[in-house]
Structures are given as structure tokens and as C-alpha cells.
């Protein structure tokens, strides 16, 4: 009888065989924590390939591809080689299909040559995809042994959309078992780590995307988010990302547990190294009219007026609020510093900044977690029962729970349908209260409008040691409220500045655990990012407001 370990060994061997032998590098020692310089120093990439992959501005890259200045084949090969380098140092990939991607890139080049115009708005652009989106002819294991050997018969709607837009899907990326973790480890592919500090987590569940894009191994990656699974990896790996409101981008055709739960719909979004990449992806997907392919999509075209901030004074006299903490967990010193520096940068640009008022965010999030845990106790075991692999109850390398996991693992009490209704009613009541709170800020903004957006932490920390990512309160809040959010990288941990501050009182045991976790030297060089939050279905507006915040912060650094 084939054991689950045999299936894993075969899958890993097939993954290794898919890598061209000449792309295997001499990897740095395990005690080298920052591996972001490996692509430039390992000798595999040519000067041209380094130039291509070091170009952060996706808008510029798209222009070069559309004009034919750079061929899609050359760009795709450059990114593929860099992605394989990243795989060897941070373990970020699952499916590798080099020839298939290069053939697709050649089709893009031939189309441009024959027709004198690009294939679409994402013409020739390599795009990486989380191992949750079905792709025809490929396995989609989502980190479960049971799904090894099951090949998809068709593409997810998003994959079809990318092909129609002229893109080149070229790798799939690592995830956690069950997807419902904020770190990326599974029994099939192992652990994905942060490229800036391999002793720290890359986040989850889109951790492979975060690490790959953070290594500059992809210009745009696609992740998914139900409680922070796009935003946490983006923040931990120092890149930009968008968590859109539900039913704006097509979700049909994705693999994963918890199918049918709609307390909070999972969403997909871009993870990239520039806000131009966030905008290019979002506009291309929305312009494809996804409601014609996915019955759950809302019929809402790309709104240029919204991008130009028509409902936000057309960008004049903006007022942002700072959430210094959410009343659940206080942020570590580097995150607090990032908030303070962002406030100063905005004020230097003449933008008014106020403090965000208190709200019971713990009460808002708790019903969701209880509902999910109650369903998961029945759902999760189904994904391991046939293979016999163990269902993970921790992400800690030492193999034991550190406590305070954000989502209880089976076994726990199932939730009846009626009890689930009551939990969602509680969530909906608090959602109404929060809208009233947001609207009430019109009395203090000085613009006659409520606060235009909120600047918040993404997490109370800048990444964490493996197995210690126990809090999602700063992200799942906005899933519960269905807000449009963008992640903006702003800094890195500087132990000499971000010293640990003593505290005598704590909000709760989780807050105390997280405070005690912080060691400035252990976090050295970890990216620090913030979250910009707008209202529901304000994707266009929040992208533009993120550009304003990003420009303010960069201006402050250059002065």
C-alpha cells in the first residue's frame, strides 16, 4: 500500500525534476537569514535578466512588453529563473511548468508581431498564482496529500481572464495545509519563509506569493484573503497588495476547504512591487466583465471617477485617521514608529490626520472565528481521511501548539445552523454600528465628509518567528466589514531605534504573549508595512489614496 509519505516523496521528486538542471545554484548556508541578494550574487541571471527583474514599476514593464522593446519570452525566462532561485532559498513554489509558460510567452510575442498591437492590457506579463486556482492539466493540492495526482480539467475563471488579458501564468505558489493559517507550511511542500529573515514567517495563507514577489521572482502574484491571507504575507515580505471587497474579482474555480460558508466570502487580489501593478491587474480584471463568467460577481465597471476621488473631494482636503491600536493587541515598536512616520509624512503634505475612535473590534471578529471553527471541525478532517496524513494543529517547527491560535483546530464543538445565524446577526449588528461610527467622523474632519480612509497596522508585529503568528485582529476586521484595503510597505525593523518598551498592564493574555515575543535583534531587517482602509467597493478610490500615502511617505524619506 502506498503511504502518504510515498506520495509526498514522489510529488517532491517531480517538482525537482521540473527545474532545469542548469538553474540549480549553490545555496547560502542556513544561518544566512537575509537572502534577498542571492539572485544578484549567485551568477545565474544575466545582466539583462537582472535589469528586467529588478524593475519594480509594473507599469513600465507592461509598456516595454506592449511596445516590443522587451519580448515576453525573454521577460518570462528571466522571471522564471529568478523564481527558481527564490524556490531554492525560501521554498515558495509548488507547480513548475517552464516549457508551457515559455510557449505561452512565444504566443504573445507572435501575436504582437502579427497584429501590431498587444494581446491585452497584461500583454506578455508573467504572473504567479497561489496554489488554489485550478489550472487545466495541473494538480491543485492546496497542501493536502489527498489531492496529489488529481489534475484539473479546466481553468479557474481568473486564470481564463488572465489568458484573455494577454498574461503569462508561469508558476504556482506555496500555502498552508487547510489554507486557514497565517503561515505557510504543509506536509507536501514544507515551509515557506521570509526572504528578509528566514527565521521569520512569510505569512499565510498566500505566503508563497508574498515570498516570491518579495524576492522579485514575479512582477505580480495572485493571492486570496478571508482573514488577512493576502495582506499579512504582503506586509511580512515588504510588497504592495489589494484586498478588494467581495464579489468584485471572479472566484469561481478555486480549490479549498470551507466551501459553501458565506459568513465572509473569500476574495482574490494582486500582490506586487508597485501600486501601478495593483492598478493594472485590478483594471484588467474588472474590464473583462467578470460577471459574465462568475454568477456571484457584482456588475460594476471600472470607475474612473472613483479612481479620481470624485466622492473624496477629488483628492483635495483629504482627511485620514490613524488607528494606533484596535483594543485587542498593542503593536510592537516598529509598527508604532511606522504609524508615527506616516502621520508626519501626511501632515507634511497638508493632509489632515485624526485619531480613529475606539470600537469593540474583538466583539466584531469573535463571531466569525467561532463560526469558522465550528464548521471546520467537520470539514477539515475530510481532506486527510483518505491519505492518512496528520491534520496539522500548529505551524510551530517544534510540533506543538504555542497557544492562542487565531482559529481553533478540530476537534471542537460544531455550530448548528441556528447558532451560526445568531453569530452572523451579532456580526451584522456590529457592522451597522461601525458604519455609524465612520459616518460620525464627518463632524471632526473639517471637510463635511467622513474620514476618507484609515491607516492601520496589518498585524501587531513585523512578521514573527515560525509558529507564533497568532493574531489576525487587524485584518479580519476589514473582512467582516467588507472594506477595500491596500498594503503599503513603509520601513524595516531597526533594532537600534525600535527598542522594546516595558509594560506593566496588558489588554488580555494574547496581548501579553505578543508583547513578550518581541526581540528587536531577532526582527532585524524585517519589512514593516501598513494598511490603508476605505469603504466597501472602493477599490478604485483606495488605490489612488494609497498612491497619495505612498508618495507622501517617499517624499518624507527623500527630504
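Of note:
- Seen from all directions on average, the stretch 465-524 presents a Cα convex hull projection of 5.6 nm².
- Linear extension gain, residue 516 paired with residue 444, 0.36 nm per residue minus alpha-carbon span: 22.3 nm
- Sorted from longest to shortest, the spans of the Cα atoms of the stretch 115-226 along the three principal axes equal 49, 33, 22 Å.
- Order of 558, 463, 206 under a 10 Å beta carbon neighbour criterion, fewest first: 558, 463, 206
- For the stretch 363-414, taking the reciprocal of the average inverse distance between every pair of different Cα atoms yields a Kirkwood hydrodynamic radius of 12.1 Å.
- Normalised by 2.2 N^0.38 Å, where N is the number of residues, the C-alpha radius of gyration of the stretch 1-159 stands at 1.15.
- Volume per residue for the chain equals 152 cubic angstrom (convex hull of Cα atoms).
- Semi-axis lengths (Å, descending) of the ellipsoid that matches the C-alpha gyration tensor of the stretch 242-362: 31, 22, 14
- Entry note: the stretch 254-318 has Rg to Rh equal to 1.05, where both radii use alpha-carbon atoms and Rh is the Kirkwood radius.
- Contact order normalised by residue count of the chain, Cα under 8 Å, 6+ apart, percent: 15
- The Cα center of the stretch 269-332 and the Cα center of the stretch 409-470 differ in position by 18 Å.
- The chain: calculated mean residue ellipticity at 222 nm from DSSP helix runs of at least 4, using -39500 (n - 2.57): -11500 deg cm²/dmol
- Among beta bridges that DSSP assigns inside the chain, antiparallel share in %, nearest 5: 65
- Relative contact order [Cα under 8 Å, 6+ residues apart], the stretch 80-147, whole percent: 20
- The stretch 322-472: relative contact order in percent, alpha carbon pairs under 8 Å with at least 6 residues between: 35
- The base-10 log of I(q)/I(0) for the stretch 334-480, evaluated at q = 0.17 Å⁻¹, reads -1.09 [Debye formula, identical scatterers on Cα atoms, solvent excluded].
- Column: log10 I(q)/I(0), Debye, Cα scatterers of the stretch 184-296, q = 0.14, 0.17, 0.23 Å⁻¹: -0.57, -0.82, -1.27
- Per residue, the convex hull spanned by the Cα atoms of the stretch 1-55 measures out at 131 cubic angstrom.
- Length released on extending from residue 5 to residue 292, taking residue separation times 0.36 nm less the Cα-Cα span: 99.1 nm
- Per-residue Cβ neighbour rank within 10 angstrom, fewest leading, 48, 236: 48, 236
- Calculated on C-alpha atoms, the gyration radius of the stretch 1-92 divided by its Kirkwood radius gives an Rg/Rh of 1.08.
- Cα principal axis extents for the stretch 432-559, largest first, Å: 44, 39, 26
- For the stretch 477-505 and the stretch 76-118, distance of Cα centres in Å: 35
- Look at 430, 507 and count the other Cβ atoms within 10 Å of each Cβ; fewest to most, that gives 507, 430.
- Residues in the stretch 165-185 reached by a label modelled at residue 100 [backbone nitrogen below 19 Å; 7 Å Cα→Cβ]: 165-175
Coordinate-derived values only; no laboratory data. These numbers come from a predicted model, not from an experiment. Cβ atoms come from the backbone with ideal geometry, glycine included; neighbour counts cover every protein chain shown.
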